[in-house]
1. From the backbone phi of region 174-181, what are the Karplus-calculated ³J(HN,Hα) couplings (6.51 cos²θ - 1.76 cosθ + 1.60, θ = phi - 60°) in whole Hz, Gly and Pro given as x?
2. So what are the three principal axis dimensions of the chain from its Cα atoms, in whole Å, longest to shortest?
3. Enter the angle in degrees (range 0 to 90, nearest 10) between the Cα long axis of helix 326-340 and the first principal axis of the Cα atoms of the chain, meaning the one along which they spread out most.
4. Is it possible to state the helix-based mean residue ellipticity at 222 nm for the chain, with each DSSP H run of 4+ residues giving -39500 (n - 2.57), the sum divided by total residues, to the nearest 500 deg cm²/dmol? What is it?
5. Taking the chain as the reference, fit the longest principal axis to its C-alpha atoms, fit the long axis of helix 154-163 to the helix C-alpha atoms, and give the angle between the two in degrees, 0 to 90, nearest 10.
6. Report the residues of region 202-218 in range of a label on GLU134: point 7 Å along Cα→C-beta, backbone N strictly under 18 Å from it.
7. Which lysines, on any chain, are close to LYS101 with Cα under 24 Å apart, when same-chain ones fewer than 8 places away are left out?
8. So what are the ³J(HN,Hα) numbers for region 13-19, from phi and the Karplus equation (6.51, -1.76, 1.60; θ = phi - 60°), rounded to whole Hz, Gly and Pro as x?
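All of the numbers you see were taken from the coordinates with simple rules; none came from a lab. Quantities reported herein were computed from a predicted structural model and do not represent experimental measurements. Cβ: placed from backbone, ideal geometry, glycine included. Neighbour counts: every protein chain shown.
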Amino acid sequence: MATSVISSPTYDPQTTAENLANAYVASTKAILDARAAKATATTSALTKLSSALTSFQSTLSGLATSSSSLTATKATFSNTAIGTATATSSAQAGSYSFFVKQMATAGQVGYKMSANLGAASGNMTIKLGSGADEKLIDVDLSKADTDGKAGLSVKELAAAINASEDNKGQLTASVMTINGETRLVLTSAATGTANEVTGIDTTGLGAPLSTDLGSANQQVMTAAKNAIVQVGGASGETIEQASNTFSIIDGVKFTVTQAQGASDAPVTLTVAADNSGTAANVQKFVDAYNTLLGVIKTLTAAGDHTLTSATGTATTSADAAFYNDAGVLNLRDRLNAMLRDATGGQSLVSYGIIGNKDGTITLDSARLNKAIAANPEGLDKLFGRAGTGVDAGVLGAMNKLTTTWTSSTGGLITQRRTQNDKLQDDIADRQVVVQNQFDNAYKRYLAQFTALQQLQSSMTSTSNMFTAMFSSSDS
């Protein structure tokens with residue numbers, strides 16, 4: 001008797017159930033994954049845009065302040081070995097003659113000290129300057145002995161002076177050994193006679209400390225001196241002060257670095273417009289604008305949608321997060337328009353800031369210098385200032401516009417982040433639902449195909465039994 005063999009497909013219930021469950025949720029999952037990727041890209045893009053706008057605003061606010069402007073002024077000495085100078089934009093052009101008679105120096109005094117200063121107790125007071133300029137540094141010696149050895153050492157005394165709350169860096173105490181003798185050296189931090197050590201009050205301190213620090217034991221190592229500058233020449237009016245830096249000309253500071261000989265000619269300090277400095281300031285604006293524009297361009301770029309057939313396209317790169325974003329594109333266009341806005345018949349173009357086809361700008365320094373020569377105050381008036389309560393001109397207008405995006409209270413970036421966070425939370429909730437749908441489908445399919453596998457196994461066993469029973473080889 002002929003028999004037939006029952007055959008059935010071989011499969012793994014777990015793999016089959018997983019594949020079917022994935023297919024069950026595939027379309028919904030694909031939509032949510034795409035939205036999640038878009039939301040993640042938006043988060044990153046908002047961070048980049050916020051950083052770029054904040055950096056741009058920082059540059060704007062730094063270009064013109066209450067004490068500086070884009071138009072630069074320089075101050076130079078005829079002999080740079082004698083002094084250096086700086087000038088703010090408020091400084092008036094002019095030429096001044098000075099004779100540097102004396103440089104200011106910081107005072108330094110030394111005291112020959114005993115090896116052991118005895119028990120440390122009480123206070124001592126170091127005096128700097130005299131009269132109305134006198135300053136006192138109180139030193140508490142009760143905790144100065146820190147090495148555990150009997151008696152205060154010179155090194156411990158120096159440390160106590162440096163650590164005094166009254167010192168505040170006015171005085172540096174150190175220890176020197178000269179020809180086998182230990183000395184306490186006190187060096188003033190600031191120059192001028194008003195800052196020299198004029199004495200130490202050791203009332204109440206025992207010997208040998210009171211004797212070692214007495215005026216009779218003080219040795220002047222470097223005399224403190226004031227700077228002396230004479231206006232106009234060696235016979236001109238004398239200006240004496242503790243510092244080597246002078247602020248006697250409005251908007252100008254100069255620092256003398258070397259005294260002149262008695263027969264030397266006076267040095268000339270010239271204050272004049274600084275065209276290269278002005279161009280450098282304007283270039284900072286140009287660079288900051290182009291950098292911001294570059295970030296916006298990257299965040300709004302289109303992806304690569306290369307046509308591969310008559311019926312569709314293949315995306316080889318995705319669109320940027322803000323591609324075709326009306327708000328970001330409007331920000332770019334409004335900034336660009338501000339470059340061309342005219343004030344009093346002039347715009348930034350009038351001062352050599354030229355627009356390029358790709359939206360960037362460049363500076364024509366020759367045109368800038370020509371415009372400043374014709375209208376020295378026009379550049380600062382046109383650019384204005386950027387900052388809360390002081391926004392004016394192009395800088396102010398751009399700052400106001402970008403603030404509507406960067407403000408932490410209701411700014412567009414904050415609003416967009418809030419919306420995007422809510423979207424991501426919603427996507428996460430829906431992804432949980434899809435995961436539950438997948439889990440339930442997987443369990444259902446696994447149970448079904450496990451039962452089917454068991455049925456197939458049973459049927460195969462039964463078929464094998466009948467095959468064996470009716471085999472022609474059996475008796």
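1. 9, 10, 10, 10, 10, 6, x, 9
2. Largest to smallest, the principal-axis extents are 138, 80, 40 Å.
3. So the helix axis and the longest Cα principal axis differ by about 40 degrees.
4. My calculation for the chain gives -14000 deg cm²/dmol from helical runs alone.
5. 70
6. Within reach of a label on GLU134: 202-204, 214-216.
7. Leaving aside lysines fewer than 8 places away in the same chain, those within reach of LYS101 are LYS225, LYS253.
8. x, 5, 5, 5, 5, 5, 5
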